[in-house]
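**Q** This is the structure I want to talk about, given as structure tokens.
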Amino acid sequence: MSGLFITFEGPDGSGKTTQIQRLANHLREQGYDVTTTREPGGTEISDSIRAILLAPENERLVHQAEILLYAASRAQHVHEKILPLIADHKIILCDRFIDASIAYQGYGLGFEPELVEQISLFASAGLQPHRTYLLDVDPQVGRARMLARAQSSGQSVLDRIESKPLEYHEKVRAGFHEIAHYSPQRVALIDANRSADDIFADILQDCIQLLEHHFSKG
């Protein structure tokens, strides 16, 4: 039996990072071998590409380059880190994956979602998550959360993607909804306008069933 690959998606400010860490801690307490990772990033090379993608000063980065840089970061991440972990029967919790590229670079930037998906699938050798938890939140709520987080951590600016106009982030959210609509067996749509405890309860209930089904087949 191979490992289990779970991704977390959603608009900026949806609380993905908090929920990933909570699920990782819970699963480790239950004896599971869990690795958390993120995109863009996850390896030394991928993190170098991440720095280019998110730096606020890189405003001149053209959309085509953005799409390809995300794919390049993903290719390195998948082949160097994720695929070996899956082969070693680990549980991988990943903050963003292909769905993010489709939503942000496809729907958000106005490119054909199918084109972005094909580029991403080439980069990932066709890898798809076993389950995706899509944390849904209104972009205005997410923006307020991000600004509060930046202030509390002493940051002065949001990154290049976070600081895009609200209209862009509304398109991204609509894109995520489209993805959830067309992939209901893989994507669990979670209302992220609630408390962190309520959100985690929904994720954990589904994840327990997913684990039982996946590892019972071995």
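**Q** Among the helices (runs of 4 or more DSSP H) contained in the range 30-134, which hold 1 or more residues that are among the hydroxyl-bearing types (Ser, Thr, Tyr) and surrounded by fewer than 19 Cβ atoms within 10 Å (Cβ to Cβ)?
**A** Once the helices (runs of 4 or more DSSP H) in the range 30-134 are filtered for at least 1 residues that are among the hydroxyl-bearing types (Ser, Thr, Tyr) and surrounded by fewer than 19 Cβ atoms within 10 Å (Cβ to Cβ), what remains is 44-54.
**Q** Consider Leu23 against the criteria (1) open to solvent by less than 50 Å² (accessible area, probe 1.4 Å); (2) in contact with a Pro (Cβ under 7 Å, 6 or more places away or on another chain); (3) not polar (S, T, N, Q): it satisfies all of them except one. Which criterion is unmet?
**A** (2)
Conditions tested, residue by residue: (1) in contact with a helix residue (DSSP H, G or I) (Cβ under 7 Å, 6 or more places away or on another chain); (2) hydrophobic (A, V, I, L, M, F, W, C); (3) under 29 Å from Ala192 (Cα atoms); (4) at pLDDT 95 or above.
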position: Gly41; (1), (2), (3), (4): yes, no, yes, yes
position: Ala51; (1), (2), (3), (4): no, yes, yes, yes
position: Gln64; (1), (2), (3), (4): no, no, no, yes
position: Arg96; (1), (2), (3), (4): no, no, yes, yes
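Listed here are the residues, each with its yes/no results for (1) more than 22 Å from Gln21 (Cβ to Cβ); (2) of a type in the set (Gly, Ala, Ser).
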{"site": "Gln64", "(1), (2)": "yes, no"}
{"site": "Leu68", "(1), (2)": "yes, no"}
{"site": "Ala71", "(1), (2)": "yes, yes"}
{"site": "Ile82", "(1), (2)": "no, no"}
{"site": "Ile86", "(1), (2)": "no, no"}
{"site": "Ile92", "(1), (2)": "no, no"}
{"site": "Asp95", "(1), (2)": "no, no"}
{"site": "Ala103", "(1), (2)": "yes, yes"}
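**Q** Out of Gly142, Gly175, report the one residue that is modelled with pLDDT of 95 or more, closer than 15 Å to Glu9 by Cα and assigned to a helix (DSSP H, G or I).
**A** Going through Gly142, Gly175 in turn, the sole match is Gly175.
**Q** All but one of (1) within 19 Å of Ile20 (Cβ to Cβ); (2) open to solvent by 20 Å² or more (accessible area, probe 1.4 Å) hold for Gln140; state the number of the condition that does not hold.
**A** The one condition Gln140 does not meet is (1).
**Q** While we're on this one: Filter the range 7-41 down to the residues that are among the polar types (S, T, N, Q) and farther than 20 Å from Ala188 by Cα, then identify the one that is nearest to the chain's Cα centre (by Cα).
**A** Among residues in the range 7-41 that are among the polar types (S, T, N, Q) and farther than 20 Å from Ala188 by Cα, the one nearest to the chain's Cα centre (by Cα) is Thr35.
**Q** So, one more: Report every pair of residues separated by at least 6 positions or lying on different chains whose Cβ atoms are under 9 Å apart, first residue within the range 153-177 and without any contact (Cβ under 8 Å) to a residue 12 or more places away in the chain, second among the basic types (Lys, Arg).
**A** Gln155/Arg149
**Q** A further question on this structure: Among residues belonging to the range 150-191 that are among the polar types (S, T, N, Q) and over 16 Å from the mean Cα position of the chain (by Cα), point out the one that is surrounded by the most Cβ atoms within 10 Å (Cβ to Cβ).
**A** Top of the filtered list is Ser163.
**Q** Between a residue in the range 189-217 that is farther than 22 Å from Gly175 by Cα and any residue that is among the charged types (D, E, K, R) and exposed (fewer than 15 other Cβ atoms within 10 Å of the Cβ), which pairs come within a Cβ distance under 9 Å, given they are 6 or more apart or on different chains?
**A** Asp198/Asp191; Asp202/Asp191; Asp202/Arg194
**Q** Exactly one condition in (1) touching a residue at least 12 places away in the same chain (Cβ under 8 Å); (2) farther than 12 Å from Glu39 by Cβ; (3) not β-branched (Val, Ile, Thr) is not met by Ala123; state its number.
**A** The failed condition is (2).
The values are calculated or read from the model by the stated rules, or taken from the named source; none is laboratory data. Treat the numbers as computed from the prediction; the structure is a model and nothing was measured. Quick reminder, even Gly has a Cβ in these numbers, built from the backbone with ideal geometry, and neighbours come from all protein chains shown. For the accessible areas, the whole protein counts, side chains as well, though only heavy atoms, and no ligand, DNA or RNA atoms are used. Shrake-Rupley method; radii C 1.70, N 1.55, O 1.52, S 1.80 Å.
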